[in-house]
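> Structure below; questions to follow.
The values are calculated or read from the model by the stated rules, or taken from the named source; none is laboratory data. Keep in mind it's a predicted model, so treat the numbers as computed, not measured. Cβ placement follows ideal geometry from the backbone for every residue including glycine, while neighbour counts extend to all protein chains displayed. Calculation scope for accessible area: heavy atoms of the full protein, side chains included, ligands and nucleic acids excluded. Shrake-Rupley method; radii C 1.70, N 1.55, O 1.52, S 1.80 Å.
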There are 2 protein chains.
Amino acid sequence: MTTSDSLPKNVLLGGLEGGGTKFVCAVGTGPGDIRDEIRFPTTTPEETLARAIAFFRQHKPAAIGIASFGPVDLNPASPSFGFITTTPKPGWAHTDVLGAFRRAFDLPLAFELDVNAAAIGEYTWVPENRALNSLVYYTIGTGIGAGVIVSGQIIHGLTHPEAGHVRLPHDWSRDPFAGICPFHGDCFEGLASGPALAARWGQAADSLPQEHVAWDLEAGYIAAALVNTILLLSPQRIVLGGGVMQQDHLFPLIRQKVKALLNGYVASPLFEGDLSGYIVPPSLGNRSGVLGALAIAQRLIQS
Amino acid sequence: MTTSDSLPKNVLLGGLEGGGTKFVCAVGTGPGDIRDEIRFPTTTPEETLARAIAFFRQHKPAAIGIASFGPVDLNPASPSFGFITTTPKPGWAHTDVLGAFRRAFDLPLAFELDVNAAAIGEYTWVPENRALNSLVYYTIGTGIGAGVIVSGQIIHGLTHPEAGHVRLPHDWSRDPFAGICPFHGDCFEGLASGPALAARWGQAADSLPQEHVAWDLEAGYIAAALVNTILLLSPQRIVLGGGVMQQDHLFPLIRQKVKALLNGYVASPLFEGDLSGYIVPPSLGNRSGVLGALAIAQRLIQS
């Protein structure tokens with residue numbers, strides 16, 4: 001790995017992926033050298049953060065990267081920097097995640113949104129991604145979000161992207177489902193997240209057979225969102241992770257629909273053939289987030 | 001201007017905005033010091049490029065920034081770098097714009113897409129924009145496009161953004177117009193460009209009275225595109241230029257609809273009140289493009 005070359009091999013890094021369902025904590029020097037890792041359910045902030053802190057106390061890493069579920073405040077100049085802000089998850093609104101770590105450790109600490117860390121993980125640890133200048137990582141599962149890397153850096157901007165809430169064409173005659181987003185109804189997440197699939201079809205998404213009409217519709221919404229991403233950002237690769245994307249058969253469907261919607265409008269050597277090199281599953285599987293947290297710890301030491 | 005401070009005041013820069021209708025050429029050291037400027041209609045490539053080259057020969061600038069209508073090839077490693085590629089404009093497909101200048105001048109030459117140059121112009125020469133890290137410039141006129149600045153740099157990526165061709169919600173019961181984009185039908189440009197307005201209503205866009213229902217519909221499509229831009233890119237400001245945006249009354253309508261569509265989902269000190277500081281007309285009026293071309297010439301000398 002390019003980034004590891006400049007670091008002493010024995011620098012121990014810590015990475016935390018704090019999700020709404022479970023927390024994953026790891027220490028190591030990179031994906032090929034994880035020294036210890038634990039995962040436990042997300043309960044109260046006090047209990048959950050204390051368990052994570054105890055794990056890192058035991059291992060004494062040189063820096064810790066903290067990747068949290070959102071929405072979070074990523075503005076270092078803000079009084080609520082490092083907080084989970086307005087989440088509907090009971091007990092977690094306005095939780096000072098970074099502060100809890102600051103009180104426990106006198107170490108370099110980095111704080112990111114979980115999906116941003118996943119993008120950084122795929123970009124940092126996958127050599128063929130490192131050769132690119134831009135990459136978008138989408139998680140499509142309980143919620144939908146995206147981390148956007150441009151010129152090797154994650155985009156923050158106003159706050160951070162909330163790509164799950166974009167508006168898409170919605171053919172009500174084909175799909176009369178009103179969507180489940182409490183803010184926007186039929187935004188991307190409202191139409192295409194795992195809970196939206198379950199609500200529309202009356203059964204869990206992963207119990208729908210491969211030949212169910214659900215998947216053609218789902219691939220269509222995902223393709224529309226990707227087409228808009230391509231036209232607005234021109235990323236050099238799109239990685240699709242998250243629970244819904246465990247349905248491997250979605251990938252070829254999505255790629256076909258992206259090509260059909262673009263109708264020849266984008267020409268690039270990186271955007272060729274059946275797009276199987278352009279729209280890809282995560283190379284790190286379901287470990288993009290925690291390995292991304294490790295990568296942001298590494299960036300902190302290098303900077 | 002910050003960028004001018006480090007340059008000797010007498011460094012003469014050249015800027016060309018080559019549009020599909022007219023070419024504008026200027027020399028000067030910045031917006032407050034334009035020494036000469038000409039504009040002439042876009043005829044054949046040979047005649048038009050020769051006139052531009054003659055203008056710059058006369059003035060001998062230290063560098064020239066060339067901003068061209070698209071689509072263009074911006075990949076320096078490509079054999080057609082600096083070409084206008086697949087334009088339907090008669091005579092202009094596969095025109096080697098940069099090559100014509102290279103044969104005429106032994107000078108630093110920069111090449112950009114016109115809307116990217118407009119974004120760079122607004123970013124470089126407007127102090128309150130320079131204080132931001134990201135900005136999107138939309139042109140909404142004969143065509144629709146956007147230049148995207150992240151961390152002070154324009155995004156290229158795969159090719160360049162083609163933000164006019166994103167897909168938007170289209171309520172066929174309210175607006176049965178099929179759109180005019182030859183590639184995509186009812187994409188953003190197909191529904192909301194000047195020619196789309198003219199085709200839908202049977203009269204030129206600028207002849208439609210302010211109280212015409214056209215404008216509420218138009219503001220709705222623009223707002224949907226901006227909401228998607230905000231959710232995907234989180235830019236710190238959006239500048240709206242181009243012929244359609246000469247209709248000043250669109251701005252408050254668009255801002256209201258953006259707020260309504262987001263429904264409180266984005267909170268930032270930069271995104272407050274009536275959004276009159278967030279969604280803005282170009283500070284450089286209709287000169288963002290040519291002044292942006294001057295800015296890319298300046299960047300070339302500084303780099």
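> Give the distance, in whole Å, between the Cα centre of the stretch B:233-303 and the Cα centre of the stretch B:148-216.
Going from one Cα centre to the other spans 17 Å.
> Given R₀ = 35 Å, what would the calculated FRET efficiency be for A:Glu128 paired with B:His94, taking r from the Cβ atoms and rounding to 0.05?
It comes to 0.65.
> Highest mean first, what order results for A:103-110, B:19-26 on Cβ atoms within 10 Å?
Peptide ranking by packing, descending: B:19-26, A:103-110.
> Also: Determine the shielding of peptide A:131-138 by partner chains: average, over its residues, the number of Cβ atoms on other chains within 10 angstrom of each Cβ.
2
> Just checking the output field for B:258-269: average partner chain Cβ neighbours within 10 Å of each residue's Cβ?
Shielding by partners across B:258-269 averages 4.
> Any idea how far apart A:Ser80 and A:Ile301 come out in nm if each label point goes 7 Å out from Cα toward Cβ?
Inter-label distance under the simple model: 3.4 nm.
> Still on this structure: Ignoring any ligand, DNA or RNA, what whole percent of the accessible area of the protein assembly as shown comes from carbon and sulfur when the probe is 1.4 angstrom?
For the protein assembly as shown, the apolar C and S fraction of the accessible surface comes to 54 percent.
> Let me ask you something else. By per-residue mean of other Cβ atoms within 10 Å, what is the highest-first order of A:42-50, B:199-207, A:142-150?
A:142-150, A:42-50, B:199-207
> With a 1.4 Å probe, what is the total accessible area buried between chains B and A, in Å² rounded to the nearest 100?
3600 Å²
> Number of Lys pairs in the protein assembly as shown with C-alpha atoms less than 22 angstrom apart, excluding same-chain neighbours closer than eight positions?
Counting lysine pairs in the protein assembly as shown gives 4.
> Rounding to the nearest 20 debye, state how big the charge dipole of the stretch A:128-282 is about its Cα centre with +1 on each Lys and Arg Cβ and -1 on each Asp and Glu Cβ.
Dipole about the Cα centre, nearest 20: 300 debye.
> Starting from the stretch A:178-285, pick out the GluC sites (Glu not before Pro) whose DSSP state is loop and whose Cβ has at most 10 other Cβ atoms within 10 Å.
Hits after loop and neighbour filter: A:Glu211.
> So for the protein assembly as shown, what percent of the C-alpha to C-alpha distances run longer than 49 Å?
13 percent
> Over 19 Å apart: what share of the alpha carbon pairs of the stretch A:1-102 falls there, rounded to a whole percent?
Everything past 19 Å amounts to 45 percent.
> Counting only the backbone N, which residues of the stretch A:195-219 are under 19 Å from the spot 7 Å out from the Cα of A:Ala178 toward its beta-carbon?
A:195-203
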